[in-house]
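First comes the structure, then the notes that go with it.
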Amino acid sequence: MDFIKGNLRRILFQGDNGYLVGLFKIKEANEENNDVVNQTITFTGYFHEINDMDTYILHGRFIFHQKYGEQFQVESYERCQKEDRDSIVEFLTSGLFKGIGEKKAQKIVDVLGKDTLKIILENPDNLILIPTITKKQADMLHSTLLEYENSYQTILFLTELGFSTKDSMLIYNKYKNKTMDTINNNLYQITYDIFDIPFKKVDTIALNKEYSKTDNRRIEAVIIYVMTEICNVIGHSYLLIEEIYQNTLKVLNVKIEEDLFISNLNSLILSNKVVKDNEKYFLFEMMEAEEYIAKRIKYLVTKEDIMIKKLEDKIELLENSNQIKYNEEQLLAIKSSQTKHFLTITGGPGTGKTTIIKAIVNLYKEIYKLSYDDLVKEVVMLAPTGRASKRISESTLLPAYTIHRFLKWNKDTNKFAVNEYNKSEAKMVIIDEGSMVDVNLFYSLLKGLKTDTKIILVGDYYQLPSVGPGQVLKDIIESDVVPVIKLNYLYRQEEGSNIIHLAYDVNSGIIEDTVLTTNQNDLIFEQVNSSLVIDTIKKICMKHKKDSYKDFQVLVPMYKTINGIDNLNKIIQEIFNPKSSKKKEITVGDVVYRENDKILQLSNMPDENIFNGDIGIISSIDKKEIIIDFDGNLVRFTPSNFNKFKHGYAISIHKSQGSEFKTVVLPIVNGYGKMLYRKLYYTAITRSKKKLYLVGEYDALKKASLNNNSDIRRTTIKDRLIAKIGNNA
């Protein structure tokens with residue numbers, strides 16, 4: 001690791017999370033970098049405080065940025081003690097200490113000497129020796145300097161414990177002057193309060209700090225960690241005591257008696273971190289979210305319908321202007337969208353959900369005589385993913401947003417700026433791809449909307465549930481007490497879509513052999529055994545080498561095994577983007593990335609306007625930086641966030657939700673085991689718009705279509721809706 005010593009010259013950029021970009025004048029450096037001494041360079045990193053009066057030693061490394069040139073990337077830093085007279089005078093007159101001008105500062109240093117700051121910290125009464133310094137000023141100087149020094153020492157203490165500078169700042173910014181008390185009282189408090197610091201990191205530091213493995217504070221933190229992980233991974237809203245206990249033992253990595261476990265669980269219940277409802281154990285936030293969702297829906301569905309004069313006439317005018325004739329189901333959905341305060345519209349692919357959304361918006365505009373500008377203020381269209389929001393925007397010619405973007409999510413705090421204290425002015429919100437919306441996100445959305453805001457939830461009941469906990473759309477539909485319009489008429493079936501036919505067959509669990517044994521223009525089943533899947537996919541890829549990277553997609557249910565995503569990505573990369581002396585490349589772990597590679601984004605980066613599931617192309621690679629082009633949006637990645645993307649030639653079916661591709665290649669083999677289930681393959685098949693290649697074993701597809709037992713989630717929104725609304729709907 002390199003180091004440079006010097007002074008801040010200017011801050012160029014400062015984020016809310018302590019991230020800085022600035023100019024730094026170098027006075028000293030390690031031998032390998034002597035050529036930069038006396039130069040002013042750009043630096044980046046996380047800082048609790050930095051000013052132009054102190055001298056700092058920055059630890060990190062030099063990198064080369066394609067746009068901004070050479071930079072020093074800071075990993076940690078330390079502030080040098082002030083010893084010379086001029087620097088102490090400059091510090092005292094910096095504005096940090098009110099009422100201290102240059103003359104007073106000089107008098108202080110003349111009397112107290114090079115140890116001025118140390119002497120003030122020891123006892124403010126030492127300042128009374130200075131003429132013209134009042135007791136009030138002495139106390140102010142002492143308290144301000146003490147706070148300034150304590151914050152720095154606290155950050156230093158946290159980094160010495162094992163936290164990164166960024167983590168240390170997150171901790172200090174959360175607890176401020178109570179940081180040391182919090183850390184000394186219960187280090188695991190961090191796991192409850194700061195979502196961005198992994199539990200395992202805190203646990204490792206706590207154990208190194210001589211916490212016992214059976215410390216009650218640790219057991220309680222592990223219980224919360226286990227409950228959170230199970231809910232996030234499996235999707236449950238609540239858990240049963242035995243699964244909490246068994247998983248707690250695994251994480252603790254030490255045997256504890258059940259009585260000790262129950263004692264700590266009860267302690268969490270008393271402190272409202274866990275809620276017990278009969279035999280159901282909820283994290284408090286999860287129980288609160290499901291209860292709030294049910295209450296809000298009850299309020300909306302029990303409100304009197306909105307009366308609109310000559311509604312049928314207005315719909316007829318809409319049909320004439322768009323040269324379209326809506327079927328009975330669509331007409332009911334369009335009417336209900338204007339009269340109901342909460343409505344769910346569900347249907348499979350090819351049933352016209354997008355057509356209805358366009359009609360709903362256009363009819364609303366006509367009913368209330370809105371200009372385009374007023375329409376986009378009153379009606380907000382949302383989707384869980386960036387690609388889904390782009391698709392709905394393209395079809396309606398109106399702006400659409402991801403739910404995170406609409407709520408103005410701050411990734412550093414995991415908070416939304418649009419919330420119960422700062423609500424949106426929208427009068428109607430349409431949410432597409434509703435099956436992908438989890439409990440926590442829907443709860444946050446409802447809190448950010450005014451109580452009377454009309455909500456229309458659109459989605460496919462049979463698709464995969466959300467990645468996060470819960471099954472909001474499914475629970476609402478199955479409650480049977482909320483207005484739901486089910487679209488069954490297949491428009492794409494009229495066009496002879498074998499893909500749609502197959503999707504519905506898979507969903508019914510009955511696959512007609514003729515669909516797969518007779519290859520059609522849009523549906524081709526390459527029946528091969530598991531060992532020939534890769535060679536078959538390679539041949540298909542060769543046929544489609546000239547396709548746009550957005551149009552051709554291989555979808556796979558799992559990452560490992562020879563027919564998994566990781567292996568397929570390496571193989572397909574050599575077809576679409578082989579090694580070339582004209583293309584730079586970089587190795588990350590065992591993965592080689594090269595210019596022109598297809599890339600899948602793995603996490604939300606709202607500041608960069610890219611989101612989980614977005615697909616881009618590597619524009620350039622320079623030293624240890626990768627520039628990825630997401631539809632013209634060039635985003636820079638450094639080694640610290642290389643884990644936020646991976647190759648996108650083959651992607652998981654889960655990651656494809658909310659997207660459509662002209663051509664999809666879908667391998668299916670018995671080796672996929674537990675990933676052979678109905679909803680997964682139904683979702684995969686429905687991602688294809690024009691052409692679908694199935695590659696693999698026929699009996700594996702049959703097995704998947706018959707398996708409707710996977711992904712069963714324990715949730716309570718359905719039961720809460722039934723209890724609250726009952727027969728009043």
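When the helices in the chain are scored as -39500 (n - 2.57) per DSSP H run of 4 or longer and the sum is shared across all residues, what 222 nm value do you end up with, to the nearest 500 deg cm²/dmol?
Value at 222 nm, helices only, nearest 500: -12000 deg cm²/dmol.
Taking the radius of gyration and the Kirkwood hydrodynamic radius from Cα positions alone, what is the Rg/Rh ratio for the range 593-649, to two decimal places? Kindly include the intermediate steps, with their values, before the conclusion.
Values: Rg = 9.9 Å, Rh = 10.9 Å.
The Rg/Rh ratio comes out at 0.90.
Name the trypsin sites (Lys or Arg not before Pro) in the range 353-425 that are in a loop by DSSP and that have at most 16 other C-beta atoms within 10 Å, would you?
Qualifying residues, ordered by number: K369, K408, K411, K423.
Could you work out the relative contact order of the chain, using alpha carbon pairs under 8 angstrom and six or more residues apart, expressed as a whole percent?
Value for the chain: 10 percent.
Can you give me the convex hull volume of the Cα atoms of the range 192-330, divided per residue and expressed in Å³?
Cα convex hull per residue, to the nearest whole number: 197 Å³.
I'd like the Karplus ³J(HN,Hα) series for the range 268-284: coefficients 6.51, -1.76, 1.60, θ = phi - 60°, whole numbers in Hz, and an x wherever there's a Gly or Pro.
5, 5, 5, 8, 6, 8, 10, 10, 9, 10, 6, 9, 9, 10, 10, 5, 3
Around I485, which amide H atoms from residues at least 5 apart in sequence, or from another chain, sit under 5 Å from its own amide H, with H modelled in the peptide plane?
Under 5 Å from the amide H of I485 lie the amide H atoms of T344, I345, T346, each far enough along the sequence or on another chain.
Once the cut-off is 24 Å, how many percent of the Cα-Cα pairs in the range 121-217 end up in the long-distance tail?
Result for the distance tail: 37 percent.
By the scheme Lys and Arg +1, Asp and Glu -1, what is the net charge of all other residues having a beta-carbon under 15 Å from that of C541?
+3
For the range 576-606 and the range 323-355, what is the separation of their C-alpha centers, rounded to whole Å?
43
How many Å² of accessible area per residue for the chain, probe 1.4 Å?
Accessible area per residue, the chain: 46 Å².
Please give me the summed charge of the neighbours of S424: other residues whose Cβ is under 13 Å from its Cβ, Lys and Arg +1, Asp and Glu -1.
Details: positive: K377, R405, K408, K423, K427, K447, K450, K454; negative: E378, E420, E425, D452.
Summing Lys/Arg as +1 and Asp/Glu as -1 gives +4.
Stick to Cα atoms and the Kirkwood definition of Rh, then tell me Rg/Rh for the range 6-59.
0.97
How high is the relative contact order of the range 185-344, in percent, counting Cα pairs under 8 Å that sit 6 or more residues apart?
17
Which one, V111, S168, H59, projects farthest toward the positive side of the charge dipole computed for the range 58-169 from Cβ point charges (K/R +1, D/E -1)?
Going by the Cα projections, it comes out as V111.
What are the semi-axes of the equivalent ellipsoid for the range 592-729, taken as the square roots of 5 times the Cα gyration tensor eigenvalues, largest first, in whole Å?
Semi-axes, largest first: 35, 24, 14 Å.
Apply the Karplus parameterisation 6.51 cos²θ - 1.76 cosθ + 1.60, with θ equal to phi minus 60°, to every residue of the range 132-144 and state each ³J(HN,Hα) to the nearest whole Hz, in sequence, with x for glycine and proline.
Result, rounded to whole Hz: 6, 8, 7, 4, 4, 5, 4, 5, 5, 4, 5, 5, 5.
When only DSSP loop residues count, what GluC sites (Glu not before Pro) in the range 504-602 have their Cβ near at most 14 other Cβ atoms within 10 Å?
Details: sites: E512, E526, E574, E585, E595; in loops: E512, E595.
Passing sites in the range 504-602 are E512.
Under Stokes-Einstein, with the Kirkwood radius over Cα pairs standing in for Rh, what whole-number D in µm²/s applies to the range 99-147 at 4 °C and 1.567 mPa s?
In µm²/s, the coefficient rounds to 123.
Angle between the Cα long axis of helix 498-508 and the longest principal axis of the chain, 0 to 90 degrees, nearest 10?
Tilt of helix 498-508: around 80 degrees.
Could you tell me which of rounded, prolate or oblate describes the range 30-71, using a ≥ b ≥ c as the square roots of the eigenvalues of the alpha-carbon gyration tensor, with rounded for a/c under 1.5 and, failing that, prolate when a/b is larger than b/c and oblate otherwise?
Here the range 30-71 falls in the oblate category.
Under 8 Å for C-alpha pairs, at least 6 residues apart: give me the relative contact order for the range 328-450, rounded to a whole percent.
22
In whole Å, how far is the Cα centre of the range 631-665 from that of the range 227-241?
Cα centroid to Cα centroid, the span is 27 Å.
How far, in degrees from 0 to 90, does helix 199-208 lean away from the longest principal axis of the Cα atoms of the chain, to the nearest 10?
40
Can I get the semi-axes of the chain's equivalent ellipsoid? Compute them from the C-alpha gyration tensor as square roots of 5 times the eigenvalues, in angstrom, largest first.
53, 32, 28
Rounded to a whole number of µm²/s, how large is the Stokes-Einstein D of the range 256-298 at 37 °C and 0.692 mPa s, given Rh as the Kirkwood radius over C-alpha pairs? Show your work: numbers first, answer last.
Values: Rh = 11.4 Å.
The estimated diffusion coefficient comes to 287 µm²/s.
Would you mind classifying the range 1-154 by shape? Square roots of the alpha carbon gyration tensor eigenvalues, ordered a ≥ b ≥ c; an a/c under 1.5 is rounded, otherwise it is prolate if a/b is larger than b/c and oblate if not. Could the numbers behind the result be given before it?
Values: a/c = 2.66, a/b = 2.18, b/c = 1.22.
Here the range 1-154 falls in the prolate category.
Given a 1.4 Å probe and every protein chain left where it sits, what share in percent of the accessible area of the range 123-162 is carbon and sulfur?
Result for the range 123-162: 59 percent of the exposed heavy-atom area is carbon or sulfur.
If you line up the long axis of helix 241-252 against the longest principal axis of the chain, both from Cα atoms, how many degrees apart are they, to the nearest 10?
On a 0 to 90 degree scale, this one is about 40.
The values are calculated or read from the model by the stated rules, or taken from the named source; none is laboratory data. The shown structure was predicted, so the numbers you read here are calculated from the model rather than taken from an experiment. Note that we place each Cβ from the backbone using ideal geometry, even for glycine, and neighbour counts take in every protein chain shown. The area values use the complete protein model at the heavy-atom level, side chains included, leaving out ligands, DNA and RNA. Shrake-Rupley method; radii C 1.70, N 1.55, O 1.52, S 1.80 Å.
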